[in-house]
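Structure record follows, encoded as structure tokens.
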Amino acid sequence: MSALLTSPQEGELVLVRVNVESRHLEDTLESLAALPFPVNPELAHAGLDSTIEFPAYEGQLAAVRGALESLNVDLRTVSMLTAIHGE
């Protein structure tokens, strides 16, 4: 299965997790929508904070970080295999 989670050009597939204050959620989603690859975000809300999760390849992370650098967000990544297995 791990061969399915890698790309020779882009590297390993990871789960990107972005924590953001809910009042900045729309701006964050607009920035992600402007990326040069499709982002299919999953949203979760807890109090005044929101979490956005989506898959991306390691080679795409620089573009993600660049798109979000002007926003006050906490961006973390985890291997997709780890995320799938819940470790």
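The values are calculated or read from the model by the stated rules, or taken from the named source; none is laboratory data. Note that the structure is a prediction, hence the values are computed from the model and not measured. So basically every Cβ, Gly included, is an ideal-geometry build from the backbone, and we count neighbours across all protein chains shown.
Details
- Note on the range 54-68: residues that are closer than 13 Å to VAL18 by Cα and loosely packed, with under 15 Cβ neighbours inside 10 Å total 1.
- Hits in the range 36-53 - residues which are among the hydrophobic types (A, V, I, L, M, F, W, C) and surrounded by fewer than 16 Cβ atoms within 10 Å (Cβ to Cβ): PHE37, LEU43, ALA44, ALA46, LEU48
- Of all positions in the range 3-13, none carries a residue that is within 17 Å of VAL78 (Cβ to Cβ) and at pLDDT 95 or above.
- Some residue of the range 62-71 being aliphatic (A, V, I, L, M) and modelled with pLDDT under 95: yes
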